[in-house]
Amino acid sequence: MYLSLMPNAKVTCLSLSLFWGVLSGVVVAAPNSINGGAVPGGRLVQPSRIIQGQNGSFIIPEMAVIPAGCFQMGSPESEEGRGADEGLHRVCVQGFKLAKHELTTEEFGKFVSATHFISDAERNVGEVGCWSYQQAATKHWNWWSWANWQSPVQGTALGAKLPATCVSWLDALAYIHWLNKVSGQEYRLPTEAEWEYAARAGSATARYWGNNPDIACSYANVADLSSLGATVWPQRHRCGDGYFFSAPVGSLHANKFGLYDMLGNVWEWTCSDYDEKYTGAEKLCTDAKQVGEEGLIAIRGGGWNADAPRVRAAYRNWGLAWSRQANQGFRLVRVR
């Protein structure tokens, strides 16, 4: 059977905005030390090294050095699947270091073990649990009370190298605050401009491997020809990547900057406000103290259930800071 589609429109709630074209003590982050102000100037690769600290072990993510440069952010009007919010404009970024992989459940788990952190999904912030998929239910996609970072999709094993999902933007900031403290280093989320520049890796095509969506499966875990029993994706790439839900990070080919899963696998939080008209917010990290209940954070990359229009370097999405889904995570920038 085909899984039903979500409404064919972007909306302000992340639970709908990421899925309309798809299968149908708390640690408090210190905003100023994480995301306040402007941005400063073999297949399966192990994502990190484990260090034993006074507050338990933590993992230093493996970084790719992204060179400074300028690029055309957004998409030309001729690009298939283009959205109205993808206005083409020139952006220059300073060199930076970006994690080669999305943050894993192993990494997030060490944070939880060290701090006894309780995620927004586990605290039922905004909605109960996490927006996820349950095959046995009449309504497959819903806010499910059982869904959280330890159980993002019912019936699937939580592998150590799977991306950490069902994590809100606020959860991500709490993780970063902790990692900065225990590592003595400084991490943050990428800006939306940094993210697209890194995803493109010097390319000007719709995807970093070219314009053809049907060769995606060598590079990205996407809505493909695979099935879950009798269930198939309603809008599919004409290829197979070997995974129906999340894939272990680094399972497919990297882009030319050595970054894995920049498209597909899971959507990724950025540190930027979502600005439909591209008036500059894409180049900055928002001040977390100023993000209210209705503030929208830019999200990029597409997930394991994304169809071809959403698996493009220019495609934009957004979510509320407390929202979380089973196909969304994050990766880190190292500042110093």
- Task: Calculate the radius of gyration of the Cα atoms of the range 110-176 to one decimal place, then report Dmax, the largest Cα-Cα distance, as a whole number, both in Å.
- Result: 12.2, 38
- When Y175, Y219 are ranked with the fewest other C-beta atoms within 10 Å first, the list becomes Y219, Y175
- Message: Using a 10 Å cut-off around each Cβ, can you sort C130, C285, C70, C271 from fewest to most neighbouring Cβ atoms?
- Response: C70, C285, C271, C130
- Length gained if Q135 through T279 is fully extended, taking 0.36 nm per residue and subtracting the Cα-Cα distance, is 47.7 nm
- Query: If the chain between Q154 and V335 were fully stretched, how many nm would it gain, using 0.36 nm times the residue separation less the Cα-Cα distance?
  - Reply: 61.5 nm
- So what's the range 82-135 giving for Rg/Rh, alpha carbon basis, Kirkwood Rh from the mean inverse pair distance? 1.15
- FRET efficiency, 1/(1 + (r/R0)^6) with R0 41 Å, evaluated for A230 and Q185 via beta carbons: 0.30
- Note on the structure: Note to self: C-alpha centroids of the range 305-319 and the range 89-124 sit apart, in Å, by 20 Å
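Please order I299, I59 by the number of other Cβ within 10 Å, starting at the fewest.
Fewest-to-most Cβ neighbours within 10 Å comes out as I59, I299.
My understanding is that a pair violates if its Cα-Cα distance is over 32 Å; which of K256/K283; K97/K277; K161/K277; K100/K139; K161/K256 do that in this structure?
Working: K256/K283 22 Å; K97/K277 27 Å; K161/K277 37 Å; K100/K139 36 Å; K161/K256 22 Å.
Table pairs above 32 Å Cα-Cα are K161/K277; K100/K139.
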- Which value in nm describes the separation of the simple spin-label points at N212 and H89, placed 7 Å from the Cα toward the beta carbon? 3.5 nm
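Which value results for Rg/Rh of the range 84-198 when Rg is the Cα radius of gyration and Rh the Kirkwood radius based on the inverse mean 1/r? Present the calculation step by step, with values, prior to reporting the outcome.
Values: Rg = 16.7 Å, Rh = 16.2 Å.
Taking Rh as the inverse mean 1/r over Cα pairs, Rg/Rh reads 1.03.
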- Message: Using only the Cα atoms of the range 273-324, what are the Rg and Dmax in Å?
- Response: 12.1, 36
- Message: Could you work out the relative contact order of the range 231-336? I mean the mean sequence separation of Cα pairs under 8 Å and 6+ apart, divided by the number of residues, in percent.
- Response: 29 percent
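Since every read-out is calculated from the coordinates, none of them should be taken as a lab result. Just so it is clear, the model here is predicted, and its values are computed rather than measured. Note that each Cβ is placed from the backbone with ideal geometry, even for glycine, and that neighbours are counted across all protein chains shown.
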